[in-house]
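Colleague: Take a look at the following structure, please.
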Amino acid sequence: MSGRREEILDAALGIADVQGVDAVSMRAVADRVGVTPMALYRHVKDKAALLDGMVGRLLAGLLPPEPADDHTWEERLDALAHACRKVTQQHPWAAYLLFSRPAVTPDGLRAVDIIYTALIEAGVPKTEVPRLERLISTFVIGFAASEASGRFAPGDSDPRGRRGLLPDSELPGHRALGPWLDLPLDLTAEFEADLADIRRMVRAAAGLPRTPLDR
């Protein structure tokens with residue numbers, strides 16, 4: 001990546017961190033870098049390419065700093081999931097961008113390839129690998145997006161807190177689960193439990209026996 005392109009992407013990320021991703025535009029980035037918008041087009045052809053470059057920079061942060069050949073497939077999947085959650089905690093707007101744009105940059109493709117190779121190594125039939133990759137990616141990014149947006153937060157913003165808008169007779173599931181819905185959420189523990197479910201699902205797809213951690 002050229003120094004100027006890197007500077008442009010840094011500027012775009014900085015704008016998104018302060019004002020949100022909707023504030024990112026070619027003009028805003030050009031102003032931040034100190035060039036004319038026309039000068040920007042020599043390095044980023046349009047806003048779509050700018051957003052793709054931002055996704056690439058974010059996904060680069062998910063890649064292991066060194067080869068992880070000595071790590072198990074479970075460890076590689078867990079590390080990628082934790083890295084994705086960390087990125088969205090640092091940049092709350094990032095989950096939306098990761099969710100809304102395909103991985104078309106080299107770093108994005110490498111991140112997806114980590115999941116592919118982990119699933120192949122686990123023994124998942126190759127015909128099932130793309131589907132499971134989509135399921136895993138959707139879960140991880142969806143969890144991160146919900147956490148970053150406050151959807152999982154307690155209080156008025158939490159759908160669990162809105163059940164008082166309807167009589168209990170119309171929400172039998174909420175009534176049955178009331179004591180557990182009102183418990184404080186430990187999102188880290190929930191994320192770890194969800195990852196354990198993902199590992200069990202992969203092992204089942206691969207026809208592997210359950211491990212003590214799966215029980």
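Colleague: By its C-alpha gyration tensor, with a ≥ b ≥ c as the square roots of the eigenvalues, how is the range 105-145 shaped: rounded for a/c under 1.5, else prolate for a/b larger than b/c, else oblate?
Modeller: oblate
Colleague: Among the trypsin sites (Lys or Arg not before Pro) within the range 114-149, which fall in a DSSP loop and have no more than 16 other Cβ atoms within 10 Å of their own Cβ?
Modeller: Those that pass, being in a loop and sparsely packed, are Lys126.
Colleague: Moving on. Counting other C-beta atoms within 10 Å, and keeping those with at most 15, which DSSP coil GluC sites (Glu not before Pro) do you find in the range 73-141?
Modeller: Passing sites in the range 73-141 are Glu128.
Colleague: Most exposed first by the Cβ proxy, i.e. fewest other Cβ within 10 Å, how do Asp186, Asp17 rank?
Modeller: Exposure proxy ranking, most exposed first: Asp186, Asp17.
Colleague: In nanometres, what is the gap between the two model label sites at Leu171 and Ala23, each 7 Å from Cα along Cα-to-Cβ?
Modeller: 3.5
Colleague: Using label points projected 7 Å from each Cα along Cα→Cβ, tell me how many nm separate Asp113 and Asp10, to one decimal.
Modeller: Label at Asp113, label at Asp10, 2.7 nm between them.
Read-outs throughout are calculated quantities, based only on the coordinates presented, and are distinct from any laboratory measurement. Source: prediction; values computed, not measured. Here Cβ is always computed from backbone atoms with ideal geometry, including for glycine, and neighbour counts include all displayed protein chains.
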